[in-house]
Structures are given as structure tokens and as C-alpha cells.
Amino acid sequence: MICPVCKGDCLRAAEEVIADVETRYLSCRRCPPEPNLSKNISGRLLPARVERCSFCGRAALDAVMLDALRLLQSCRLRDEDDGLRSVGMPLIDVGYPLAYPPRLGRNSLILVGEKYSKAAAEAMVRDIPEIKGVIESRGVPGVMNPKEKPLENLLLAGCDLRADVVSSLMGELVVYKRQSLIHIEFSRQNSPKMRILEELYFRGKLRDVADGLCGPGTLGLMCVLAGAERVVFNDAWLPAVEDLLMNLEVNRKMLGIEEIEHMETPTRMVGRKPVLVARTRGACRIEVYHGDLARLFSRARPAELCLIDHFPGSDTRALEQACRSCKETVIV
Ligand SMILES: C[S@@+](CC[C@H](N)C(=O)[O-])C[C@H]1O[C@@H](n2cnc3c(N)ncnc32)[C@H](O)[C@@H]1O
Ligand SMILES: [Zn+2]
Ligand SMILES: [Zn+2]
């Protein structure tokens, strides 16, 4: 599989990702102890640098963030008193609920933050081995409402493809995201969304499901894994639909997908009138639409259950009303 961003080998089949995620961030026998640097103190009080392990070559997260701070200071984008917290938000390239701070290998961290420059971002990716990509944040990417202009963050350097391993009582899945185009959502143990799906599963409700605001597909994919007969995916944001198609491919074996048939090619970044982009053959009938959920069931057959997972604080009343042809609607 080829990474759609850097054309390298970042994209791996789900079963491969899951097989090594438990050991991916472990220290070796000879790794020095965690530096445990304070995130809030002035950069003047921090060491100049923290060495990598001379045996396995891995770095503590603090060591990588400290290198990034020093580089940003040398580019005059941070001052002497700025500390580690000013660097930005570190995202490990395979997100997994860890009980310990990660030890990082090459190309395993994506930085999201503000007040970078393209030159500094390129230097971070070139000179700090663990940094895979740098994103300038402008807000939550995606579509809040298909009638308004969408927001994108900017990939300044490197590659922004990363994955989250999502677990529930139904099993594990891998959800890849181009993180400058898709909102950040951490995979957590006891995620409330997964608890809602588990409860629906045990009540026998995950048979014919629409994931109305599917994003890269987390909820609908979990319904496929849970043995649903039909799952309809829909999102108005084209990058979300593209990432979902990538995730169908990545999880193909685990989801029992025999064939993915590509139908219409969307032309707009933000879809209004629903377009059937793909459908699959196999254990579950999957349909993928690009369009406004408010219009989805004028094109797709209504489902027994429609899941509505909007951004926090969004008003979902009009969408619930538009999905009333489905037997049941659940706000996630
Ligand atoms: C919170 S995210 C969904 C996350 C997703 N369920 C997951 O777990 O990965 C909300 C999604 O709704 C989409 N969206 C917002 N309003 C929409 C609408 N009226 N019709 C279709 N998609 C919409 C956004 O593009 C975004 O991908
Ligand atoms: Zn890549
Ligand atoms: Zn080591």
C-alpha cells in the first residue's frame, strides 16, 4: 500500500499495525530513564539536549520536543523563556492508549501547532529523526455545516498520515487520517463513543446502520466489525470520504470485504447532493456517500439505525429531523 501523502510506506494493513502496536513505543533494556522534564518551566532551565538511547536509538518524547524547542528558538520563532509546552501538540503516528510515555523511533511523531515557518518545519523534519510531519493549526478541520466554508490546516513539511488503533468489545480496527485535513480525536480506553456502540450491539441494534457524519469512518467500521448486514457511510467533507475509502482498504481482511466497487467520483470538496462514491461486496454491504446528511435519505435507503456524531456543541436538531425516515436515530 502506498501512502497518499508522501508516496512512502506509511500505510500498512490493519492486522500488521495491530500486531506490533503493543511493543512499538517500549523502551529497550538499555534505554536511559525517562527525563521527565517539566513542560511549564522556562527553556533556560532545561538542558540543551537529551541524548537518545545509544543501544536502540530511540528517544524519549521529551527529548524530541526539546530538540524541536531548540530548533524553533534558533529560528527566532520561540524566545529563551519559552518552554516545552510552547512547541505544540505531539501526535504519535500510531495512536494507542499507552500506560507509559512513548519511546520514539524514526518518523513516529507529527507536530501540530502555531507560529512555525515553512523553513523551520522543513528543518524539524530533516534534522530531528523522529519528526515525521509538521502541521500549522488554524482550527478544527472539516465541515461544520455544508453551507459554510470548510477549514483546513496546513501541512508545512513531511507527511501527516497517522493512524489510531480503536478498540471496543467488538474488536480492534485501524483508522488512518491525514491529520491536517481531519480533526484530531485521541483513541482512549473507555471511549464514550465506543461504550454507546457496545450498548447498541448488545441490544442487537447494529444490523442496518447509517454513519451519517462518518469522518474517516471509526463508528461505521466498528459496526461492520460487529457483524452488521449493511452500513451506509456519509460525509460532506471530501477528504473524510477519501480517508474512509483508504480505511476500507486497510481493514479489508478484518472486515471481510471481498471487493470495493468505485462508483461516481465527487468533484467538490464539500458535497451537498449525495453522490454514491463506492460500495462493497462481502460479509457486509457497505455504501459510501459524499453529501449533506440532511439530503442523504433522498438517495440512500433509510437505515434501521442512524448514528449522528457531530462536532461538540453543534446543533443536530435539523439533521435528526432529516433522518426521521430511519427507524431510530442516536446522537453519539
Ligand atoms: C465529529 S466528526 C465525525 C467523526 C467520526 N464519527 C469519527 O469517529 O471518526 C463530524 C463530521 O461531520 C461532517 N459533517 C458536518 N456536517 C455535515 C453534514 N450536514 N452532512 C454531512 N457531513 C457533515 C464533518 O465533515 C465531520 O467529518
Ligand atoms: Zn506518508
Ligand atoms: Zn533503548
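The values are calculated or read from the model by the stated rules, or taken from the named source; none is laboratory data. Only a predicted model underlies this, so the values are computations on that prediction, with no experimental measurement involved. FYI the Cβ positions are ideal-geometry reconstructions off the backbone, even for glycines, and counts take in every protein chain you see.
Residue by residue, here is whether (1) among the basic types (Lys, Arg); (2) in a strand (DSSP E or B); (3) in the same structural domain as Asp208 (by TED's automatic domain parsing); (4) closer than 19 Å to Thr218 by Cα holds:
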residue	(1), (2), (3), (4)
Lys253	yes, no, yes, yes
Glu258	no, yes, yes, no
Thr267	no, no, yes, no
Lys273	yes, no, yes, no
Ala278	no, yes, yes, yes
Glu287	no, yes, yes, yes
Arg295	yes, no, yes, no
Arg301	yes, no, yes, no
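Going by what's in this entry, would Ala163 be described as modelled with pLDDT of 95 or more, in contact with a strand residue (DSSP E or B) (Cβ under 6 Å, 6 or more places away or on another chain), within 16 Å of ligand 1 (Cβ to nearest atom) and outside any loop (DSSP other than H, G, I, E, B)? Steps first, please.
Values: modelled with pLDDT of 95 or more: yes; in contact with a strand residue (DSSP E or B) (Cβ under 6 Å, 6 or more places away or on another chain): yes; within 16 Å of ligand 1 (Cβ to nearest atom): yes; outside any loop (DSSP other than H, G, I, E, B): yes.
Judged against the criteria, Ala163 is a match.
Can you spot a residue in the stretch 19-29 that is within 16 Å of ligand 2 (Cβ to nearest atom), over 30 Å from Glu80 (Cα atoms) and hydrophobic (A, V, I, L, M, F, W, C)? The answer is no, given that none of the residues of the stretch 19-29 is within 16 Å of ligand 2 (Cβ to nearest atom), over 30 Å from Glu80 (Cα atoms) and hydrophobic (A, V, I, L, M, F, W, C). Quick one: is Ala123 free of Cβ contacts under 8 Å to residues at least 40 places away in the same chain and either more than 16 Å from ligand 1 (Cβ to nearest atom) or within 15 Å of Arg162 (Cβ to Cβ) (or both)? Spelling it out, it is not the case that Ala123 is free of Cβ contacts under 8 Å to residues at least 40 places away in the same chain and either more than 16 Å from ligand 1 (Cβ to nearest atom) or within 15 Å of Arg162 (Cβ to Cβ) (or both).
Test Gly158 against the stated conditions and say whether it is over 22 Å from His310 (Cβ atoms) and surrounded by fewer than 17 Cβ atoms within 10 Å (Cβ to Cβ). Explain how you work it out, then say what you get.
Values: over 22 Å from His310 (Cβ atoms): yes; surrounded by fewer than 17 Cβ atoms within 10 Å (Cβ to Cβ): no.
In short, no.
Filter the stretch 169-186 for residues that are touching a Phe, Trp or Tyr at 6+ places or on another chain (Cβ under 9 Å) and surrounded by fewer than 21 Cβ atoms within 10 Å (Cβ to Cβ) and give the result. Working first, answer last.
First, pick out the residues of the stretch 169-186 that are touching a Phe, Trp or Tyr at 6+ places or on another chain (Cβ under 9 Å): 169-170, 181-183.
Residues satisfying the conditions are Leu169, Met170, His183.
Pairs are defined by a Cβ separation below 6 Å, a sequence spacing of at least 6 or placement on different chains, a first member in the stretch 173-192 that is farther than 19 Å from Leu225 by Cα, and a second member that is in a strand (DSSP E or B); the pairs so defined are Arg178/Leu161; Gln179/Ile110; Gln179/Arg162; Ser180/Ile135; Ser180/Leu155; His183/Gly142. Filtered by the rule that a residue be of a type in the set (Phe, Trp, Tyr) and in contact with a helix residue (DSSP H, G or I) (Cβ under 7 Å, 6 or more places away or on another chain), the stretch 80-134 gives a lone residue, Tyr96.
One line per residue, one yes/no per condition, for (1) touching a strand residue (DSSP E or B) at 6+ places or on another chain (Cβ under 6 Å); (2) away from ligand 1 (no atom under 16 Å from the Cβ); (3) closer than 19 Å to Glu185 by Cβ:
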position: Leu72; (1), (2), (3): no, yes, no
position: Met89; (1), (2), (3): yes, yes, yes
position: Asn107; (1), (2), (3): yes, yes, no
position: Leu111; (1), (2), (3): yes, yes, yes
position: Glu130; (1), (2), (3): yes, yes, no
position: Gly139; (1), (2), (3): yes, no, yes
position: Leu154; (1), (2), (3): yes, yes, no
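Kindly evaluate Met246 against the criterion of being hydrophobic (A, V, I, L, M, F, W, C) and within 16 Å of ligand 2 (Cβ to nearest atom). For Met246, the condition - hydrophobic (A, V, I, L, M, F, W, C) and within 16 Å of ligand 2 (Cβ to nearest atom) - is met. In a residue-by-residue description of the stretch 136-158, the property of being outside any loop (DSSP other than H, G, I, E, B), modelled with pLDDT under 95 and not basic (Lys, Arg) applies to at least one position. Annotation: Leu84 fulfils all but one of (1) surrounded by 15 or more Cβ atoms within 10 Å (Cβ to Cβ); (2) more than 27 Å from the chain's Cα centre (by Cα); the unmet one is (2).
Conditions tested, residue by residue: (1) assigned by TED's automatic domain parsing to the domain that holds Ala303; (2) farther than 29 Å from Tyr116 by Cβ.
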position	(1), (2)
Met144	no, no
Val165	no, no
Lys177	no, no
Asp208	yes, yes
Val224	yes, yes
Pro239	yes, no
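Among the conditions (1) among the basic types (Lys, Arg); (2) touching a Leu at 6+ places or on another chain (Cβ under 9 Å); (3) crowded, with 18+ Cβ neighbours inside 10 Å, the only one that Arg12 does not satisfy is (2).
Is it true that Leu307 is within 11 Å of ligand 1 (Cβ to nearest atom) and either assigned by TED's automatic domain parsing to the domain that holds Arg203 or part of a helix (DSSP H, G or I) (or both)? Taking the combined requirement at face value, the residue satisfies it.
Here is a list of conditions, (1) closer than 26 Å to Cys6 by Cα; (2) aromatic (Phe, Trp, Tyr); (3) surrounded by fewer than 14 Cβ atoms within 10 Å (Cβ to Cβ), and Tyr116 meets all of them except one; can you say which number that is? Unmet condition: (3).
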